[in-house]
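Visitor: Structure incoming, see below.
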Amino acid sequence: MRALIALPVLVLSVLALPAHAEPAGSVSQLALAHQLFAQGTANRDALAQIAAARLAAGVTVQMVERAPELSGTAGKGPDAADAPRDAASLLAAATAAAEADETLAILLGSAIATAEVLPKSVVRASVATLNPGQSHGYRIAADGAVPVEIGVIGDGDSVLALSVETEAGPACLAPLVPACAVTLPDSGFLAVRVVNSGPGVTSYWLISN
């Protein structure tokens, strides 16, 4: 019974975490889902993995092309993972983690059923790879008075830092919760930078609403 109560509380707690001063949206939801899943995997916490998979299943990812500007000197490091996991992969891993516990299996089935019937939000994602010591810069257009969410999801081989600047100066630095929201007063561009501080070679998604 405690597990039945804990899952919705955990999901609501995750959704309540702010990525910036503005309300969280689909980008923050997906970024937080991956962060929660990584923590659940590290702690062998199947409940956290189920909650994370449920959050990820509520977001549709549309792949787009972006051409980043590369900076820095490439270092060497491990490259254990090829790319960030998609929602189906997270769900499969959560299923494997929960299969030995009947209560968790019931919760997982409920989470899957809910995800299938609820409307999904959409994020746009582009894939890129960084070696340790390198960074990517992006120039992203933003309409005035419209909130823009930017996030980064790595494959787990490194710690990635995300920063966003406007023409007025720095707007967001997100080294822990890798997503932020910015609203420009007038249409313009955002300067986005993703930094790989190591230790590994990392493939990542840059995601936006």
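The values are calculated or read from the model by the stated rules, or taken from the named source; none is laboratory data. Quantities reported herein were computed from a predicted structural model and do not represent experimental measurements. Positions of Cβ are backbone-derived with ideal geometry, glycine not excepted, and every protein chain shown enters the neighbour counts. With ligands, DNA and RNA removed, areas are computed over all heavy atoms of the protein, side chains included. Shrake-Rupley method; radii C 1.70, N 1.55, O 1.52, S 1.80 Å.
Visitor: With the checklist (1) touching a residue at least 12 places away in the same chain (Cβ under 8 Å); (2) over 17 Å from the mean Cα position of the chain (by Cα) in hand, flag the one item residue 119 doesn't pass.
Guide: (1)
Listed here are the residues, each with its yes/no results for (1) closer than 27 Å to residue 79 by Cβ; (2) at pLDDT 95 or above; (3) part of a strand (DSSP E or B).
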| site | (1), (2), (3) |
| --- | --- |
| 150 | yes, yes, yes |
| 156 | yes, no, no |
| 159 | yes, no, yes |
| 171 | no, no, yes |
| 177 | yes, no, no |
| 181 | no, no, yes |
| 185 | no, no, no |
| 192 | yes, yes, yes |
| 197 | yes, no, yes |
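To keep it simple, each residue is scored yes or no on (1) of a type in the set (Phe, Trp, Tyr); (2) buried (at least 17 other Cβ atoms within 10 Å of the Cβ); (3) within 22 Å of residue 56 (Cα to Cα).
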position: 132; (1), (2), (3): no, yes, no
position: 145; (1), (2), (3): no, no, no
position: 162; (1), (2), (3): no, yes, yes
position: 173; (1), (2), (3): no, no, no
position: 186; (1), (2), (3): no, no, no
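Visitor: Being among the small types (Gly, Ala, Ser), within 20 Å of residue 32 (Cβ to Cβ) and open to solvent by 60 Å² or more (accessible area, probe 1.4 Å) narrows it down to one of 88, 100, so name that one.
Guide: Working: 100 fails: within 20 Å of residue 32 (Cβ to Cβ).
Result: 88 is the single residue among 88, 100 that is among the small types (Gly, Ala, Ser), within 20 Å of residue 32 (Cβ to Cβ) and open to solvent by 60 Å² or more (accessible area, probe 1.4 Å).
Visitor: Kindly establish whether residue 55 is in contact (Cβ under 8 Å) with a residue 12 or more places away in the chain, within 24 Å of residue 198 (Cβ to Cβ) and crowded, with 18+ Cβ neighbours inside 10 Å. Before you say what the answer is, go through the steps one by one.
Guide: Numbers: in contact (Cβ under 8 Å) with a residue 12 or more places away in the chain: yes; within 24 Å of residue 198 (Cβ to Cβ): no; crowded, with 18+ Cβ neighbours inside 10 Å: yes.
The answer is no for residue 55.
Visitor: Condition first: in contact (Cβ under 8 Å) with a residue 60 or more places away in the chain and of a type in the set (A, V, I, L, M). Now tell me which residues in region 128-182 satisfy that.
Guide: Initial filter on region 128-182 (in contact (Cβ under 8 Å) with a residue 60 or more places away in the chain): 128-138, 140, 147-158, 172, 174, 177-182.
Selection gives 128, 130, 140, 148, 150, 152, 153, 174, 177, 179, 181, 182.
Visitor: Follow-up. Go through (1) open to solvent by less than 50 Å² (accessible area, probe 1.4 Å); (2) over 17 Å from residue 128 (Cα atoms) and name the single condition residue 31 misses.
Guide: Here residue 31 clears every test but (2).
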